[in-house]
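What follows is a single structure, written as structure tokens, with notes after it.
The values are calculated or read from the model by the stated rules, or taken from the named source; none is laboratory data. Small disclaimer: the values here were computed from a predicted structure and weren't measured. Neighbour counts run over all protein chains shown; Cβ positions are idealised from the backbone, glycine included.
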Amino acid sequence: MAMPQPDPEPTLPSCRALDAADPLAPLRAQFELPPGLIYLDGNSLGALPKAAAPQVQHALQQEWGRGLIRSWNDAGWIHRAQAVGDAIAPLVGAGPGELTVADSTSINLHKVLWAAMALAPQRAGAGSPRRRVLLTERDNFPTDRYIAQGLCDLLGWTIREVEPWGGQGAEGELLAALTEPDVGILMLTHVNYRSGALHDMAALNRTARAAGVLTVWDLAHSAGAVPVNLKQADAPADFAVGCGYKYLNGGPGAPAFVWVHPAHVDAVEQPLRGWLGHAAPFAFDATYRPASGIARYTCGTPPILSLTALHAGVQTLRAADAAGGMAALRAKSLSLTRTFIDASRGAAQAHDLHLTTPENDAQRGSQVSWGCGPTAPDGYAVMCALVSRGVVGDFRAGPGPGQPDILRFGFAPLYNTHEEAWRAAQALAEELARAARHGGAAAVRPAVT
């Protein structure tokens, strides 16, 4: 069942009608959501699945408490990371046994970038100029750039940054830069964490492959909210990593996932040679022999309790399979974000906020970001006021000259509703007007904003 189109000027009755027709609406009951709270920060931390606590409790009391070390075999602990990886794989277009859960997004990115740097000469082909440039966008998530810079410094590569993709036309600068003869790797986050702009993965993969460039994708802000097809026949990706605690609802600090195209997975070793990436971990060999397949991208002992919680989170998404899966989730996500944009546009523009998220559906992830202009009220104070009245989004400070502070609202189609989108827009309008009348700024910013 397709999601009806939102009203051009959303009203409370029209939003309630959309929710009444929503085939995914019953899935909201899977989550612990505080009464009266409008939670629009699932792009930072997903809501708690009701199944997570009893499943973790079972792992604590029965598997650990009673089974003790026997549970590595009896409860399948040794295979749990791969089982969760197999549950995630269809959400991003990967096959069984191709994706596993391990470590953090940053550590997994380190692994795959190292592998990509080793494979770059092979992709470029014999006789090609030396390729030692990693291409990314200036507004890529900071940790990705930090990891990349560290490896570039270590291995003699250079980072080249283009202006961030804002969704206002073709990705011309990136596409053109891919054809430069010294570029060996393209590293991008599929959905920009600040603007919510969605890269055209297929077009970039296709151009990169034709140019002899490897692609590395961070799916942190897309896995579970935006359809991903890592193995699209004419435009496959080469490497991908992703986060477990955002749209996958795995809980704070949930382990991340890593995927390598089957054509590459056995071609090189990744640099973190932990014992569970060994071909025979319990042979206790004195020398390292990498496992075959994606298992070689694991490292240390898996965090069983965190994996158990992540499995509960992933199952909330797989529950949407019967209602259309990722296509249905994407349709609702676009409907929610359109509703919020249309309902908040007037007040936002009246107070010098500009939309940094693309209006074009094909170019938008599952969030809406309003950028604060020079005469806008203090963005952090506005977000604090919204949170205090039960509308939870988040704030991202402008990282440099010309980059505005951002009020960011993430929409999780499994549990957010159109009525919530409309009510959040009304609250935003009221707090912008209040801040404009009274001025002032939030006095102290805590460690996490």
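Tabulated values for the structure
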| read-out | value |
| --- | --- |
| Residues (without any contact (Cβ under 8 Å) to a residue 40 or more places away in the chain and assigned to a helix (DSSP H, G or I)) located in the range 136-145 | THR143, ARG145 |
| Out of GLY167, GLY172, sole residue that is at pLDDT below 95, in contact with an Asp or Glu (Cβ under 9 Å, 6 or more places away or on another chain) and either under 19 Å from PHE239 (Cα atoms) or not assigned by TED's automatic domain parsing to the domain that holds GLY398 (or both) | GLY167 |
| Filtered residues of the range 343-358 (kept if part of a loop (DSSP other than H, G, I, E, B) and either outside the structural domain of GLY398 (by TED's automatic domain parsing) or in contact (Cβ under 8 Å) with a residue 40 or more places away in the chain (or both)) | HIS351, THR356, THR357, PRO358 |
| Members of the range 31-64 found to be small (Gly, Ala, Ser) and either loosely packed, with under 12 Cβ neighbours inside 10 Å or within 11 Å of ALA309 (Cα to Cα) (or both), listed by number | GLY36, ALA51, ALA52, ALA53, ALA59 |
| The listed residue being surrounded by 14 or more Cβ atoms within 10 Å (Cβ to Cβ), in a loop (DSSP other than H, G, I, E, B) and acidic (Asp, Glu), out of GLU161, GLU180 | GLU180 |
| Inter-residue pairs, beta-carbon under 9 Å, first in the same structural domain as GLU269 (by TED's automatic domain parsing) and more than 13 Å from LEU272 (Cβ to Cβ) and in the range 289-302, second of a type in the set (D, E, K, R) and surrounded by fewer than 16 Cβ atoms within 10 Å (Cβ to Cβ), 6+ apart | SER292/ASP266; GLY293/ASP266 |
| Matching residues, the range 354-396, being touching a Pro at 6+ places or on another chain (Cβ under 7 Å) and hydrophobic (A, V, I, L, M, F, W, C) | CYS372 |
| Residue within the range 98-105 that is in the same structural domain as LEU305 (by TED's automatic domain parsing), more than 30 Å from ALA211 (Cβ to Cβ), in contact with a helix residue (DSSP H, G or I) (Cβ under 9 Å, 6 or more places away or on another chain) and not in a loop (DSSP other than H, G, I, E, B) present | yes |
| Meets criteria (closer than 20 Å to TYR146 by Cα and polar (S, T, N, Q)) for ASN192 | yes |
| Filter result for GLY85 (over 15 Å from ASP238 (Cβ atoms) and free of Cβ contacts under 8 Å to residues at least 40 places away in the same chain) | no |
| Qualifying residues in the range 205-216 (those that are in contact with a helix residue (DSSP H, G or I) (Cβ under 7 Å, 6 or more places away or on another chain) and not aliphatic (A, V, I, L, M)) - the one surrounded by the most Cβ atoms within 10 Å (Cβ to Cβ) | THR215 |
| Residue list for the range 108-118, restricted to those being surrounded by 20 or more Cβ atoms within 10 Å (Cβ to Cβ) and either of a type outside the set (D, E, K, R) or more than 14 Å from PHE257 (Cα to Cα) (or both) | ASN108, LEU109, HIS110, VAL112, LEU113, ALA115, ALA116, MET117 |
| Filter result for ALA211 (touching a Leu at 6+ places or on another chain (Cβ under 8 Å) and of a type outside the set (Val, Ile, Thr)) | yes |
| Selection from the range 281-301 of residues that are assigned to a loop (DSSP other than H, G, I, E, B) and either under 20 Å from VAL92 (Cβ atoms) or among the hydroxyl-bearing types (Ser, Thr, Tyr) (or both) | THR287, TYR288, SER292, THR298, THR301 |
| The range 409-429 residues that are within 16 Å of THR357 (Cβ to Cβ), paired with ones that are in a helix (DSSP H, G or I) and of a type in the set (Val, Ile, Thr) (beta carbon under 7 Å, 6 or more apart) | PHE411/THR337; ALA421/THR339 |
| The range 408-438: number of residues that are touching an Asp or Glu at 6+ places or on another chain (Cβ under 8 Å), over 20 Å from SER44 (Cα atoms) and among the small types (Gly, Ala, Ser) | 1 |
